[in-house]
Structures are given as C-alpha cells and as structure tokens.
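Below is one structure, written out as structure tokens; comments come after it.
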Amino acid sequence: MNNVVITNTFRFIFLILLQVLLLNNINFSGYINPYLYVLFIILYPFNGNQTLFLFLSFLLGLGVDIFEDSGGINAAACLVIAYIRPLILRFSFGVSYDYQTIKFSNTPPGSRLSYIAILVFVHHFVLFTLEFFNFAHLLLLFKKTFFSGIFTIILVFLSLALFNRKSR
C-alpha cells in the first residue's frame, strides 16, 4: 500500500509540473493544447478511497489553475470527471469493474480507449465551456474540445506505452 501512495504522489507532482512548465506552452493552430495531467485521474487506483480521490482531483486541477491563473476551470473539470469516473468505468469495463477485478494494463484495448476517450472529452468539454462561458462560440468550443482531446488521448497512450515498457 505504501508503494501505491508514493507512486501516486510522484505522479501527481510530476504531471502538474509537466503540464505547467512544458505542455501549457504547446499551442498548435491556436486551438490544440494537450492536457496530460488528466492521466492522474485516469490511472488512480479503481478501488481507492473515493472521497480522497475527489479531493486529490480537485487539488490537481487547482494546482494547474494556480500556475495558469485560470480561475478554477481546471479544478472544476477535474472534479467533474473524477465524480463521473465510476459510471465511465462501469460503462467501459462492465462486470470486471463491478467485481473490482480490473488491472488496467490487462484490459482489452477497446475498453481502455472508450474509458480514456470519454474522460478526456468530458474534461475538455467542461474546461472549454467554462473558459468561453458563451455559446456564441459553439463551433470553436467543439473544435477545441475535439482536437485537444485527440492530441491528449494520443499523449496518454504514448505515456502508458512508455511506462509499460519501463516496468517490463
């Protein structure tokens, strides 16, 4: 159990620093920006304490908000996906999640893709909706959500592949 706490603490700090020092400076075509810090929420242990998870997700978003000076929109988006994560897990992994028998690296690729894609797109949609706070720019909202989401999903899968290779 202590190893899990150390791993999650390191992941939490590393992802915030990576996001604010490197990834926030990437901006392709004015609307593609990766948000890799959601990887913490994606990889948090499935059977972990849900209250602690919600609190850590809020702190994760707040940490990014402090550095970005974005007024809490990242914290709100992280809290939303942390709150709906059990529903997405049940949708993506079905009975395996209900019986707490999931090991993320051993799940089918389609289940992993649906789980990650739904969380990333919901996060981005909430984030950009709060950023614009105006439905007059609905096309731009969908464009930023889609392209940033695709880029984030690619980075998440690349990160997972790197960490899996390292652990072998």
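The values are calculated or read from the model by the stated rules, or taken from the named source; none is laboratory data. Since the model is a prediction, treat every value here as computed from it, not as a measurement. Cβ atoms come from the backbone with ideal geometry, glycine included; neighbour counts cover every protein chain shown.
If only one of Ser111, Ser96 is at pLDDT below 95, assigned to a helix (DSSP H, G or I) and out of contact with any helix residue (DSSP H, G or I) (no Cβ under 8 Å at 6 or more places or on another chain), which one is it?
Working: Ser111 fails: out of contact with any helix residue (DSSP H, G or I) (no Cβ under 8 Å at 6 or more places or on another chain).
The unique qualifying residue is Ser96.
What residue, of Phe142, Phe157, is without any contact (Cβ under 8 Å) to a residue 60 or more places away in the chain and farther than 14 Å from Pro34 by Cα?
Values: Phe157 fails: farther than 14 Å from Pro34 by Cα.
Just a single option satisfies the conditions, and that option is Phe142.
Would you check if Thr101 is outside any helix (DSSP H, G or I) and either at pLDDT 95 or above or of a type in the set (Val, Ile, Thr) (or both)? Here the answer is yes, as Thr101 does meet what is asked.
Checked against (1) modelled with pLDDT under 90; (2) part of a helix (DSSP H, G or I), Glu131 passes all but condition (1).
Can you tell me which of Val122, Val156 is closer than 17 Å to Asn74 by Cα, part of a helix (DSSP H, G or I) and among the aliphatic types (A, V, I, L, M)? Talk me through it step by step, then tell me what you get.
Working: Val156 fails: closer than 17 Å to Asn74 by Cα.
Result: Val122 is the single residue among Val122, Val156 that is closer than 17 Å to Asn74 by Cα, part of a helix (DSSP H, G or I) and among the aliphatic types (A, V, I, L, M).
Between Ser57, Ser148, the distinction of being in contact with a strand residue (DSSP E or B) (Cβ under 9 Å, 6 or more places away or on another chain), among the hydroxyl-bearing types (Ser, Thr, Tyr) and modelled with pLDDT of 90 or more belongs to Ser148 only.
Residue under question is Asn47, and the condition is that it be more than 15 Å from the chain's Cα centre (by Cα) and within 18 Å of Leu79 (Cα to Cα); does it hold? For Asn47, the condition - more than 15 Å from the chain's Cα centre (by Cα) and within 18 Å of Leu79 (Cα to Cα) - is met.
Of the residues Ile41, Ile88, which is closer than 21 Å to Gly149 by Cα, touching a residue at least 60 places away in the same chain (Cβ under 8 Å) and touching a helix residue (DSSP H, G or I) at 6+ places or on another chain (Cβ under 7 Å)? Before you say what the answer is, go through the steps one by one.
Details: Ile88 fails: touching a residue at least 60 places away in the same chain (Cβ under 8 Å).
Residue meeting the stated conditions: Ile41.
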